[in-house]
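The structure appears below as structure tokens.
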Amino acid sequence: MARKVLVMGEVRDSSLRNVSFEAIAAAKVMAEGGEVVGLLVGESVASLGSELIQYGADRVITVEDALLATYTSDGYSQAVLAVMEEESPEALVFGHTALGKDLSPRLASKLDTGLISDVTSLEEAGGNIVFTRPIYSGKAFEKKIVTDGLMFVTIRPNNVPALEKDAARTGDVSSLSVAIKDLRTIVRDVIRKATQGVDLSEAKVVIAGGRGVKSEDGFKPLQELADVLGGAVGASRGACDAEYCDYSLQIGQTGKVLTPDLYIACGISGAIQHLAGMSNSKVIVAINKDPEANIFKVADYGIVGDLFEVVPMLTEELKKL
Ligand code: FAD
């Protein structure tokens, strides 16, 4: 059944986040030959519309307002609901990001519909679109179909491959005027922590440090390895609790849930709560001096050794490639 699918594009620092293109690829499957409509919300986002089209959207709608310059659940939900009313799509796709996780349940409740969150893959099977999502902290997967009403999903970053960019692809980018009003939250200023390099949530390569790094300085060899591989540095809660790094790097049940192509765990024991955030990574390498460490049970490659010897050695070898 062909359907119209609305896809939320996410903008950060005036650029589209990768998850926007992955959401379009998911929307293409869900549309079953129907129309994929990109949606961009913000203060000045129209210029990004053509890129969504190059990644597979058929057309793009923008909602622009100074009050939408920074994300608020209140303002963005007004924008999305207005577009939903105008377009009446049969399906809606968000990234399973901080924005998607905040906005999608609110919209599902306002639209009185269900939500399949954190989808890691989807396919057409037996006349249905079947969505797969992890449960029990990634220990099992469940498959879901939508039998009635709006097909509303969030997709986990780095799982559904984006389509190839086609620079020759064109389509309509139109704007919808929405009166954003009665906001209960207004963001006056955003004060960001200085972040280095690649965004952890979207990184294809993650080098994570645990309590085994022993100090803030102990993260330096990990950062050097991450730089060589074009990756980002993450951490266990053990390392965050010990104040070796910021909590924004925490991976796990109560931190970020990631699925990079390559995850290198350095001095991390592999507690169940940590595994919940990384065990679905495509390739896992563990470096730990304890051969009995639990992390080796989920690792594809294990190196028993001192991370302060192994990590610089890896970095030097990779620099030669
Ligand atoms: P440790 O368990 O102390 O392990 C350190 C490892 O480093 C050891 O295996 C040791 O052999 C190795 N090591 C030491 N020195 C070296 C060296 N020089 N070279 C190589 N290896 C070395 N944890 C998370 O990570 N994420 C979460 O989201 C999370 N949420 C939690 C939620 C709850 C409700 C609870 C109760 C706990 C949660 N935890 C979480 C904590 C979790 O249970 C573990 O305590 C934590 O993951 C341990 O961190 P670690 O592996 O860095 O430290």
request  = Calculate what fraction, in whole %, of the accessible area of the range 93-252 sits on carbon and sulfur atoms when a 1.4 Å probe is rolled over the protein chains.
outcome  = 47 percent
query = Sequence-distant or interchain residues sharing an amide H contact under 5 Å with Arg12, placed H: which?
reply = Arg17
request  = Give the cross-link partners of Lys214 among the lysines, using a straight C-alpha distance below 20 Å as the criterion and excluding same-chain residues fewer than 8 apart.
outcome  = Lys289
ask   = Averaged per residue, what accessible surface does the range 4-68 expose to a 1.4 Å probe, in Å²?
value = 30 Å²
remark   = When the chain is treated as a Gaussian network with springs between alpha carbons less than 10 Å apart, the largest mean-square fluctuation among Lys28, Lys193, Lys165 is found at Lys193
ask   = Could you state the principal axis extents of the C-alpha atoms in the range 186-263, from the largest down, to the nearest angstrom?
value = 41, 27, 24
key: Compactness index (Cα Rg / 2.2 N^0.38 Å), the range 20-96   = 1.07
Out-of-range pairs (alpha-carbon distance over 27 Å; input Lys165/Lys204; Lys101/Lys220; Lys220/Lys319; Lys139/Lys204; Lys139/Lys320) = Lys101/Lys220; Lys139/Lys320
query = Which distance in Å, rounded to a whole number, links the C-alpha centroids of the range 203-245 and the range 133-165?
reply = 29 Å
inquiry  = In Å², and per residue, what accessible area does the range 161-320 have when probed at 1.4 Å with the other protein chains present?
reply    = 57 Å²
Column: log10 I(q)/I(0), Debye, Cα scatterers of the range 190-321, q = 0.09, 0.18 Å⁻¹ = -0.21, -0.90
key: the range 93-162 shape via C-alpha gyration tensor axes, a/c threshold 1.5   = oblate
Radius, Kirkwood style, for the chain when every pair of distinct Cα atoms is counted (Å) = 20.9 Å
remark   = the range 266-285 and the range 45-108 have their Cα centres apart by a whole-number Å value of 33 Å
message = Test of understanding: what is the full-extension gain from Arg12 to Lys220, defined as 0.36 nm times their sequence separation minus their Cα-Cα distance?
response = 72.2 nm
ask   = With θ set to phi - 60° and the Karplus curve 6.51 cos²θ - 1.76 cosθ + 1.60, what are the ³J(HN,Hα) couplings of the range 61-69 in order, to the nearest whole Hz, using x for Gly and Pro?
value = 10, 10, 10, 10, 6, 4, 6, 9, 4
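The values are calculated or read from the model by the stated rules, or taken from the named source; none is laboratory data. Note that the structure is predicted; figures quoted are calculated from it, not measured. For the accessible areas, the whole protein counts, side chains as well, though only heavy atoms, and no ligand, DNA or RNA atoms are used. Shrake-Rupley method; radii C 1.70, N 1.55, O 1.52, S 1.80 Å.
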